[in-house]
Structures are given as C-alpha cells and as structure tokens.
Amino acid sequence: MADFSNLINQAKKMQEKMKETQEMLKNIEVEGISGGNAVKIIMNGDGELKKIDFDQSLLKESKEMVEDLIVAAHNDAKSKLKKKTSEEISKITGGIDLPPGFKLPF
C-alpha cells in the first residue's frame with residue numbers, strides 16, 4: 001500500500017510542476033523572423049501575437065510579398081514556441097514524450 005501512496009504523491013508533484021510550467025510558459029516570448037530579418041513577429045507562450053516589426057524598405061514591395069513575409073515570420077515564431085514549450089515540458093516529464101494528441105497550452 002505504501003508503493004501506491006508513493007505513486008499518488010509523485011503524480012501530485014508532477015501535476016504541480018506541470019501547472020507551474022504552464023504558468024511560466026505563458027510568460028515566455030519568441031521571435032519569428034523572415035526575409036533576412038525584414039519581418040519580425042513576437043509571440044507569447046499563449047500563442048498570442050504581441051508585435052509585428054518590419055523593415056521600412058518593405059513598404060516599397062508588393063502587398064503579396066509583405067503578406068507572405070508576415071505569414072512566414074508567424075510560422076517561424078509558432079515553430080519556435082512549439083519547440084520551447086516541448087523543451088520545458090520535457091524537463092518535467094524527464095524526457096518522456098507526451099501522448100499523441102496531447103495539446104500544449106496554445
């Protein structure tokens with residue numbers, strides 16, 4: 001019976017660490033870039049877009065090109081956020097992969 005109690009305590013500790021990590025992840029920010037730093041996107045841990053910054057020279061480019069660069073920078077930020085989130089979760093789970101379909105906090 002002591003083993004079962006120990007297992008329950010370990011599960012509770014992991015759950016507490018997971019909550020702490022999720023709160024910490026909300027506070028991180030990642031930067032996505034495209035066009036050789038022509039477009040920069042700042043995204044927070046909740047996946048919210050916080051800022052778009054672009055080089056003044058882009059104002060001379062076509063609308064379609066600017067749109068494509070914004071999408072590319074956003075995708076870069078999203079990819080970096082997913083990687084950072086996975087790294088932080090891995091620290092808690094000891095490198096054990098999350099089950100398929102497990103949704104990260106974004």
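Given +1 at the Cβ of Lys and Arg, -1 at the Cβ of Asp and Glu and no other charges, the dipole of the stretch 2-92 around its Cα centre is 320 debye to the nearest 20. Bridgeable aspartates and glutamates around LYS40 (alpha carbons under 12 Å apart, same-chain partners fewer than 8 residues away excluded): GLU31, ASP53, ASP55, ASP76.
Where does the charge balance sit around LYS17 when Lys and Arg score +1, Asp and Glu -1, over other residues with C-beta under 12 Å from its C-beta? Could the numbers behind the result be given before it?
Working: positive: LYS12, LYS13, LYS19, LYS91; negative: GLU16, GLU20, GLU23, GLU88.
Charge balance in the 12 Å sphere: 0.
The HN-Hα couplings worked out from phi for the stretch 15-31 by the Karplus form 6.51 cos²θ - 1.76 cosθ + 1.60 (θ = phi - 60°) are 5, 5, 5, 5, 4, 4, 5, 4, 5, 5, 5, 4, 8, 7, 10, 10, 10 Hz, whole numbers, x standing for Gly and Pro. Normalised Debye scattering of the stretch 2-92 at q = 0.15, 0.20, 0.24 Å⁻¹ gives log10 I(q)/I(0) of -0.64, -0.88, -1.07, counting only Cα atoms as equal scatterers and leaving out solvent.
Look at the dipole of the stretch 2-92 built from charges on Cβ: of GLY35, THR85, ILE52, the Cα furthest out on the positive end belongs to THR85.
Phi angles across the stretch 67-74 convert, under the Karplus curve 6.51 cos²θ - 1.76 cosθ + 1.60 with θ = phi - 60°, into 3J(HN,Hα) values of 4, 4, 5, 5, 4, 5, 5, 5 Hz, Gly and Pro given as x.
Only the coordinates and a few stated rules stand behind these numbers; no lab work does. Model, not experiment: these values are computed from the prediction. Please note: Cβ atoms are built from the backbone with ideal geometry, for glycine as well, and neighbour counts cover all protein chains shown.
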